[in-house]
Amino acid sequence: MQLTQQRLIHLLLNSIAIFGVWIIYKMIEVNAIRGDEFLSYLHSDPRWTYTQIIQHIHGGADNSYTHAIVLRWIFGLFGHTIIVQRLLSLCFWLLGSILLLRIVKTPNNKGFNSFLLFCVGFANFGFFLATDGRFYSILFCLAVASLYVYFKKQQWKVFTSMIVFTGIQMLGLLTSPNFIVFQILFVVTHIAMMVWHDRKEAFFAIIKWEACLLLSVVLYFSFFKVPYFHTYFLHGFFTSVAFSTGDIATFVSIPFRWFMLPHFPFCSDRVDGMVFLLAVIGLTGYFAKKIVSAVRLYAQVSKFFVLMAIFLLLGIGIQLVLYFLIGIPMWESRYYATVFFVLPLAVLSLLRDVLSIKIMLLICCLWFMRLVAVEYPKLEARRMDLLKVSELQLLVMNNPKPSLFIDQLENRQSSQFVAMANVYIRFPNLRDKIFLQVDSTSSERTAYFKRLSDWHYPIGLTFEADSAMFTIP
């Protein structure tokens, strides 16, 4: 049997699928616990009832209603472990990817369909969603599910599709208020799409779909809002910060670091992303006329994703302008997690008819190189982190006094907090020897961890706001 270019691409895609899924599974197993993962682990402890969990989050805990409840249910079925917590993210990553493929697939090009799915699922963005034990994977899945209902609305009655769409929007906001980023992009893109076509049709479509979305927002902000998030958003996001070129470089490279396919192992993510950004800007300018004509010719689905990507990039640009002019800080990349998937889809939609076999073959080879040269070595580095956790376990075990791992928390969890979280989760027999301590000078975090103290004391984890410190040498 002759090894044609088409067969070689299929061979590479199958190899990427097998190797990529294996790496993701190993990441789930060997990744050290990150700070926020620890909070989700605690908030969904099976010893608490669903009502208690909801009341705690509504009282101001920095967590997700939807994720906490689903995680509590999964913990009750399969055990209270970090592996189970991350496997939940893996399931939503897989479901979101499948729904995305069903939205944009072309029946006459199965090879391109697989290529498209892998561009999202196995990008940097996909690896993060599949292995992080927080709620971003659910946000991604709900965003895709919203678009699936919108594009497949002919399959249901009008009232049914509106109820399902509203329910998904509500679940998205209950997962994280950051879901509103997706909602804003949906509204802007939907209006642009409808105005582009028949204005009468636009009017009635906007009333129907935006009414569903508005209803979910009103319900959320009336009954379910999380005070902690809104305090952070209003007082943190709109507070002036000092200018930093490093912040700009990181922020600008964010979307391209998250979805790019060829990763240069000898460059940092930031340099890699900036190079890719300049290339995209240059090519977009050079092929501007062809891109505009291509968008006009494509089906509604492709147009929607292309416009959504354009508005997302425009929003990022506006944030940069505000940062330069009045020092408003820039959102972290995870807040855009629900909509980053539109970038690779938009690029591939435009290139769908001109993406040659040779280009696809080149990208597949670079893709496989990234798995071998970048992602696989990370497994060994993460195993080394777990060895450090084992060393901490011995220190805690042999120390006669309770171990206070935190000296001070400012705006982020300290590395000692993360180290303690790994010991707490991986070595349950040592939980009665672990204490957390927060310096009282850090007022906001002190108040937050005092709330956690009230909540988690019966579990065996105590948070104290005291300036006296005890640390393991």
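The values are calculated or read from the model by the stated rules, or taken from the named source; none is laboratory data. None of these values were measured; they are calculated from a predicted model. Cβ: placed from backbone, ideal geometry, glycine included. Neighbour counts: every protein chain shown. Accessible surface is based on the protein model in full, side chains and every heavy atom, while ligands, DNA and RNA are left aside. Shrake-Rupley method; radii C 1.70, N 1.55, O 1.52, S 1.80 Å.
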When you check residue 387 against the structure, is it open to solvent by 40 Å² or more (accessible area, probe 1.4 Å), modelled with pLDDT of 65 or more and in contact with a Pro (Cβ under 9 Å, 6 or more places away or on another chain), yes or no? no
Just checking, does segment 77-93 include any residue being out of contact with any helix residue (DSSP H, G or I) (no Cβ under 9 Å at 6 or more places or on another chain) and open to solvent by 40 Å² or more (accessible area, probe 1.4 Å)? no
The number of residues in segment 1-49 that are over 20 Å from the mean Cα position of the chain (by Cα) and within 19 Å of residue 121 (Cα to Cα) is 12
Of these, 372, 347, 339, which one is within 24 Å of the chain's Cα centre (by Cα) and part of a loop (DSSP other than H, G, I, E, B)? 339
Out of (1) surrounded by 18 or more Cβ atoms within 10 Å (Cβ to Cβ); (2) assigned to a loop (DSSP other than H, G, I, E, B), the odd one out for residue 329 is which? (1)
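Residues are listed down the side, and each one gets a yes or a no for (1) out of contact with any helix residue (DSSP H, G or I) (no Cβ under 8 Å at 6 or more places or on another chain); (2) open to solvent by 50 Å² or more (accessible area, probe 1.4 Å):
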position: 6; (1), (2): no, yes
position: 10; (1), (2): no, yes
position: 15; (1), (2): no, no
position: 21; (1), (2): yes, yes
position: 33; (1), (2): no, no
position: 47; (1), (2): no, yes
position: 51; (1), (2): yes, yes
position: 56; (1), (2): no, no
position: 59; (1), (2): no, yes
Restricting segment 205-244 to residues that are part of a loop (DSSP other than H, G, I, E, B) and within 17 Å of residue 65 (Cα to Cα), the one modelled with the lowest pLDDT turns out to be 226
Out of the residues in segment 390-403 that are open to solvent by 70 Å² or more (accessible area, probe 1.4 Å) and assigned to a helix (DSSP H, G or I), state the one that is nearest to residue 30 (Cα to Cα). 391
Count of residues meeting criterion [open to solvent by less than 10 Å² (accessible area, probe 1.4 Å) and aliphatic (A, V, I, L, M)] in segment 132-161: 6
Flag if residue 106 is in contact with a helix residue (DSSP H, G or I) (Cβ under 8 Å, 6 or more places away or on another chain) and buried (at least 18 other Cβ atoms within 10 Å of the Cβ): no
Collect the residues in segment 162-192 that are under 10 Å from residue 142 (Cβ atoms), open to solvent by less than 40 Å² (accessible area, probe 1.4 Å) and of a type in the set (A, V, I, L, M), keeping them in residue-number order. 168, 170, 173, 174
Does residue 356 qualify as being touching a residue at least 60 places away in the same chain (Cβ under 8 Å), within 30 Å of residue 22 (Cα to Cα) and either open to solvent by 20 Å² or more (accessible area, probe 1.4 Å) or not acidic (Asp, Glu) (or both)? no
